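Shown next, in structure tokens, is the structure this report addresses.
Each value in this text was obtained by applying a stated rule to the coordinates, not by laboratory testing. All values derive from a computational prediction rather than experimental measurement. As a convention, Cβ positions derive from the backbone with ideal geometry for all residues, glycine included, and neighbour counts pool all protein chains shown.
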Amino acid sequence: MIVSLIEIYVCVLVLAWFFADRLIFQPQESSYCEGGDFYRIPVSASEKIGVLALPNPAATWTILHCHGNAEDIGDLHEFFEQYRSQGFQVYAFDYRGYGISDGKPGTIKACEDGEAALNHLVNDKKIPLNRIILHGRSVGAGVAAHLAAKHKVGGLIMESPFVTAFRVRTVISIAPFDRFRNDRRIREIACPLLLIHGLNDEVIPVWHGRKLFESARVPKLAYWVPGANHNDIPMIAGIKYWEHIQDLARLATK
């Protein structure tokens, strides 16, 4: 019995190691085409990723958005326009394998894509790091946390984040490895943080967000959204969603 359990455990670990990225990233058919607000930037010698730019000359802050696992930046265009109407300048990017981006997605690749997008803002668009707020939703919160831990950005918004990718399914840690170790990254982040989570989230339960918030440094803000699930927070929260984001911007300005 013990030998059988060990064999099953090893098989599960092997499957997790080789197939985790296929489960985490679920790109759909592209919702947009290159042109207009959408263009591409290089991430390697042979691959490029899609970027959306919504400039706002009057904006004090620039948002760099890292999206969830089953959407692309075209799907979120209307949401980003709402962001701009709130007085922000907005940039967003697609991971490899999403939208008009080349290649296939993966945990390491998604973080590399985030690095390329951030470098594009700083080096090509001449936007100071300390005037950039990273906003990551769901799996994108892992990408945003990775960037915030490495770079002195102005602020970080983590919306519907998980402690680690595997613990969305296993709750407790059962493997010697994992994907998107937000539980570790959160302790390395020094910029102001806003953590947003729906109290009725059935995909990534709210305990993930609460645990991350407890481990985060100050200054930090939290918004636990009554009645909200995983994908409907802005709709359920309404104006309060934007009020909390403005609160973070004011905190980051101090």
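Are any residues in the range 182-213 assigned to a loop (DSSP other than H, G, I, E, B) and closer than 22 Å to Thr107 by Cα, and if so, which ones?
Hits for the range 182-213 are Ile189, Val203, Ile204, Pro205.
Out of all the residues in the range 84-142, which are within 21 Å of Met158 (Cβ to Cβ), of a type in the set (D, E, K, R) and surrounded by 20 or more Cβ atoms within 10 Å (Cβ to Cβ)?
Across the range 84-142, the qualifying residues are Asp94, Lys109, Asp113, Arg137.
For the range 34-61, enumerate the residues that are under 15 Å from Ser85 (Cβ atoms) and part of a strand (DSSP E or B).
Leu54
Scan (1) assigned to a loop (DSSP other than H, G, I, E, B); (2) within 19 Å of Leu121 (Cβ to Cβ); (3) of a type in the set (Ser, Thr, Tyr); (4) out of contact with any Ser or Thr (no Cβ under 9 Å at 6 or more places or on another chain) for the single condition Ser31 breaks and write down its number.
(2)
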